[in-house]
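Every read-out reported here was derived from the displayed coordinates using simple, explicitly stated rules and does not represent laboratory data. These numbers come from a predicted model, not from an experiment. Neighbour counts are summed over all protein chains in view; Cβ atoms, including those assigned to glycine, are modelled from backbone coordinates with ideal geometry.
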Amino acid sequence: MNIFKHFTAEVSAICANIDALKGLDASRLTVETPRDASHGDITTNAAMVLCKGANMKPRDLAEILKVEIEKLDGVTSAEIAGPGFINCKIDDAFWQARLADILKAGTDYGTSKMGAGNKVNVEYVSANPTGPMHVGHGRGAVFGDVLASLLEKAGFDVTREYYVNDAGAQVDVLARSLHLRYCEALGEDIGEMPEGLYPGDYLKEPAAALARDKGDKWKGAPESEWLEPVREFAIDAMMDLIRDDLGSMGISHGVFTSEKKLVGAGKVDEALKFLTDNGLIYQGVLEPPKGKLPDDWEEREQTLFKATDFGDDVDRPVQKSDGSWTYFATDMAYHLDKFNRGFADMIDVWGADHGGYVKRMQSAVKALTNGKGTLDCKLCQMVNLMDGGEPVKMSKRAGTFVTLRDVVDEVGKDVVRFIMLTRKNDAGLDFDFAKVREQSKDNPVFYVQYAHARSYSVLRMAADELGSDAVSDDKVLGADLSLLKDPAEMSLIKMMAGWPRLVESAAEAHEPHRMAFYMYDLAALFHQLWNKGKEDATLRFIINDNIPLTMARLALIRGMATVIASGFGAFGITPKEEMR
């Protein structure tokens with residue numbers, strides 16, 4: 001149960017039965033958590049958003065609503081505050097029933113039907129197939145993968161997609177780099193890799209495989225003979241490498257779309273024809289870009305898309321001077337293809353350097369779908385990789401950067417997946433190896449995992465002291481939860497009861513980092529309760545001379561562990577039952 005949706009529906013029903021409010025638009029009516037916990041458990045703005053339509057003062061309307069709200073099941077009191085907010089307190093039994101919901105639902109707790117099976121395409125990673133993934137790619141990979149899982153948990157039908165940029169000049173550079181390594185594998189001394197080619201050692205293995213397969217067939221041949229087949233071989237090898245890197249993170253995509261095949265299938269022509277037929281393509285001359293001196297600007301006529309008609313700052317070129325398509329033109333075709341495959345809702349996860357590309361792509365999606373498609377572009381800032389506050393040196397294998405695989409091999413995929421979401425995607429992230437090795441609350445993944453492991457240590461202790469039957473599912477589910485009355489216990493239950501709403505709100509906002517923040521806060525409440533039990537024997541989880549209270553508290557910690565496991569499931573992380 002999303003308790004806020006529950007009470008929003010209840011308050012809306014009350015309003016619908018008041019003569020002065022009948023027929024009024026109640027869409028802005030909300031039930032939220034008060035900013036100050038001392039004001040109660042929930043607050044509603046009903047009187048403030050409906051008073052104008054009712055031709056009443058907000059506090060006068062609040063007086064009427066207050067009387068009816070106090071009649072709702074679970075509400076013990078309602079008070080009017082400020083300009084007309086109605087703050088309510090909820091009785092313990094209501095919250096204790098939510099703990100029972102958690103125990104019954106298991107890790108499905110928080111799963112929602114909000115998305116109603118609507119299709120969503122999440123495109124993420126889409127790194128150029130020119131080498132192994134670096135740490136920056138890893139952040140976008142985790143963000144996209146967890147966002148997809150979050151949307152699935154919220155009831156959406158999600159497709160995970162990777163766009164293979166295999167038609168640009170960079171894959172020609174890759175082919176030339178591989179060919180040079182191929183010659184090296186055949187015994188040629190190539191010296192230092194020339195500037196402009198890819199220097200990493202990761203090309204040595206596929207080059208050796210190419211040499212074994214083709215012998216010296218292309219060693220002395222002109223580039224025109226080997227460029228195309230070597231390019232295809234190189235792309236396949238790099239995509240295998242990328243899939244392997246992603247696999248080490250527990251990430252897999254359901255769809256891989258090739259830019260080259262998209263162009264070859266005439267999809268760009270199809271998209272441009274649609275825009276031309278609708279009067280959105282024209283020949284024109286753009287103004288010089290901001291910050292450019294006049295002598296830096298080449299004034300020439302270009303084929304332009306009327307992006308400004310759809311919210312962009314300037315119109316955008318779709319064809320280069322040599323007649324080939326711009327990247328923007330192929331990206332337009334790609335997004336039209338996604339829309340034609342049934343994805344009206346599209347999410348793209350990009351690096352921070354694509355910030356200037358957002359408006360033009362959103363304008364293109366509006367134009368190509370007649371406003372029926374939506375595109376949300378999520379930008380992931382860079383990751384600063386450090387060890388004890390000092391920058392980590394680049395990987396010899398990659399040649400120019402630290403690979404994602406290096407980081408996963410060092411600390412494990414679960415740590416990487418969680419840490420990558422401890423900051424909002426558009427904020428910079430410091431990944432410090434020394435910090436993630438710490439066993440303290442300053443290491444968020446340890447802190448949350450420790451809460452889950454601690455709960456299981458209590459359950460094991462209870463089984464040892466009271467017998468395994470005492471902690472069986474039936475016994476825990478049958479516990480008298482009304483015995484949980486301490487404020488710290490109730491605070492933990494209330495936090496747990498907020499998980500379904502957190503899932504839905506994070507899914508709506510496309511912000512999976514909210515789950516990491518929530519899980520850390522939940523773990524903190526549990527650790528605080530644990531520490532209180534060390535100071536006050538009456539708050540310990542196991543009290544041998546009070547079995548009913550012990551069972552209620554075992555149910556409490558089982559519920560907490562269940563919510564954390566539910567969150568870890570969306571994160572793609574395995575919850576630990578003990579820490580070593």
If amide H atoms are modeled at 1.01 Å from N in the peptide plane, then the residues at a separation of 5 or more from Asp41, or on another chain, having amide H under 5 Å from its own are Cys88, Lys89, Ile90
Restricting to Cα pairs under 8 Å and 6 or more apart, the percent relative contact order of the chain works out to 16
With everything on Cα atoms, drop me the angle between helix 327-340 and the longest principal axis of the chain, reported from 0 to 90° to the nearest 10.
-> 50
Distance in nm between pseudo-label sites at Val67 and Asn278 (7 Å out along the Cβ direction from Cα) = 5.5
Once both axes come from the Cα atoms, what is the angle between helix 135-153 and the longest principal axis of the chain, in degrees from 0 to 90, rounded to 10?
-> 50
Three-way shape label, the chain, alpha-carbon gyration tensor, a/c 1.5 | oblate
proj_area_mean for region 169-248 (convex hull on C-alpha atoms), units nm², value 5.4
Under 18 Å from the Cα of Lys435 - lysines, other chains or at least 8 residues apart | Lys393, Lys413
At what distance in nm do the modelled label points of Asp101 and Glu223 sit from each other, each positioned 7 Å from its Cα along Cα→Cβ?
-> 6.5
For helix 223-248, report the angle its Cα long axis makes with the longest principal axis of the Cα atoms of the chain; keep it between 0 and 90° and round to the nearest 10°.
-> 20
Based on other C-beta atoms within 10 Å, arrange Glu79, Glu578 from fewest to most.
-> Glu578, Glu79
Using only Cα atoms, figure out Rg for region 409-561 and give it as a multiple of 2.2 N^0.38 Å.
-> 1.16
Over its Cα atoms, what ratio of radius of gyration to 2.2 N^0.38 Å does region 23-90 give?
-> 1.04
Excluding same-chain residues fewer than 8 positions from Lys52, which lysines have a Cα within less than 29 Å of its Cα?
-> Lys5, Lys22, Lys66, Lys71, Lys89
Exactly which GluC sites (Glu not before Pro) in region 191-245 are in a DSSP loop and have at most 10 other Cβ atoms within 10 Å?
-> Glu192, Glu195
Determine, from the Cβ-Cβ distance of Lys214 and Lys576 and an R0 of 41 Å, the FRET efficiency 1/(1 + (r/R0)^6), rounded to the nearest 0.05.
-> 0.25
Return the aspartates and glutamates within reach of Lys320: Cα separation strictly under 16 angstrom, same-chain partners fewer than 8 residues apart disregarded; answer none if there are no such residues.
-> Asp269, Glu298, Glu299, Glu301, Asp331
